[in-house]
Amino acid sequence: MDNKPLLEAEKISKSYDYNLFKDIDLSLWSNQSVAIMGRSGSGKSTLLHTLSTLLKPDSGSVKLFNKDIYKQSSKETELIRRNNIGIIFQSHYLFKGMSARENIEAATLLANTSIDSNLLKMLEIEHVINKKVGDLSGGQQQRVSIARVLSKRPKIIFADEPTGNLDRDTANMVMDVLNEYIKQNSAALFLVTHDIEIAKKTQRMYRLENAKLKIM
């Protein structure tokens with residue numbers, strides 16, 4: 001591992017009507033994958049959003065690549081989002097009027113990268129890459145959205161239930177692709193999931209419970 005983590009959160013807290021999480025410390029290093037589990041409403045997705053530049057914590061600090069992201073300018077934060085992190089949402093947010101290839105190309109143009117044909121094969125979407133997104137199944141659309149994120153070559157992948165709508169075999173295949181990606185690119189994975197079998201495919205599992213993060 002490198003001398004410094006890719007992500008370092010210190011004493012972060014967030015609450016709305018009640019504490020979602022309080023005084024959480026978490027580090028994420030190159031070549032590391034972690035999974036966060038917990039009941040619905042426990043704050044798992046909110047934690048992911050807080051760590052990935054989308055939601056400022058009530059207190060504490062979040063450093064990405066040794067920079068306190070909530071003390072950066074909006075321009076600096078946008079560069080981090082564009083070049084260094086990739087976020088896989090529960091909803092895939094694809095452009096429905098475009099083909100799968102065009103959706104992926106939109107991301108590669110912004111990040112100045114190119115489409116990896118091997119990635120398309122690993123995700124088993126190479127045969128539908130020229131179809132309109134609206135003509136794809138839900139599972140195919142989800143895999144296109146994952147390919148779009150990975151094609152940016154992010155150093156940290158934040159994945160919010162990326163396998164939630166997939167069958168077991170496809171879910172396992174997606175996790176294999178994500179794990180292979182972080183291995184080949186010295187990247188890291190922060191995964192939110194309800195699925196214990198998927199969580200077990202990461203190196204470390206946590207449960208978010210009673211506003212605290214506990215190692216499983």
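The values are calculated or read from the model by the stated rules, or taken from the named source; none is laboratory data. Quick caveat, the model's predicted, so the values are computed rather than measured. Every residue, glycine among them, receives a Cβ derived from its backbone with ideal geometry; neighbour counts consider all protein chains shown. What goes into the accessible areas is simple: the full protein's heavy atoms, side chains included, and nothing from ligands, DNA or RNA. Shrake-Rupley method; radii C 1.70, N 1.55, O 1.52, S 1.80 Å.
For the stretch 148-174, what are the residues that are of a type outside the set (Val, Ile, Thr), open to solvent by less than 10 Å² (accessible area, probe 1.4 Å) and over 12 Å from the mean Cα position of the chain (by Cα)?
Residues satisfying the conditions are SER151, ALA171.
Just give me the residues in the stretch 125-136 being more than 14 Å from LYS96 (Cβ to Cβ) and open to solvent by less than 100 Å² (accessible area, probe 1.4 Å), in sequence order.
ILE125, GLU126, VAL128, ILE129, listed by residue number.
Taking LEU47, is it aliphatic (A, V, I, L, M), outside any loop (DSSP other than H, G, I, E, B) and open to solvent by 10 Å² or more (accessible area, probe 1.4 Å)?
no
Scan the stretch 72-104 residue by residue and report those that are among the charged types (D, E, K, R) and buried (at least 17 other Cβ atoms within 10 Å of the Cβ).
ARG81, ARG101, listed by residue number.
From the residues in the stretch 28-42 that are surrounded by 15 or more Cβ atoms within 10 Å (Cβ to Cβ) and hydroxyl-bearing (Ser, Thr, Tyr), which one is nearest to the chain's Cα centre (by Cα)?
Looking at residues that are surrounded by 15 or more Cβ atoms within 10 Å (Cβ to Cβ) and hydroxyl-bearing (Ser, Thr, Tyr), I get SER33.
Could you please let me know if GLN140 is polar (S, T, N, Q) and open to solvent by less than 40 Å² (accessible area, probe 1.4 Å)?
So GLN140 fits the description; yes.
With touching a residue at least 40 places away in the same chain (Cβ under 8 Å), in a strand (DSSP E or B) and in contact with a Lys or Arg (Cβ under 6 Å, 6 or more places away or on another chain) as the only criterion, which of LEU208, LEU191 stands out?
Exactly one of LEU208, LEU191 is touching a residue at least 40 places away in the same chain (Cβ under 8 Å), in a strand (DSSP E or B) and in contact with a Lys or Arg (Cβ under 6 Å, 6 or more places away or on another chain), namely LEU208.
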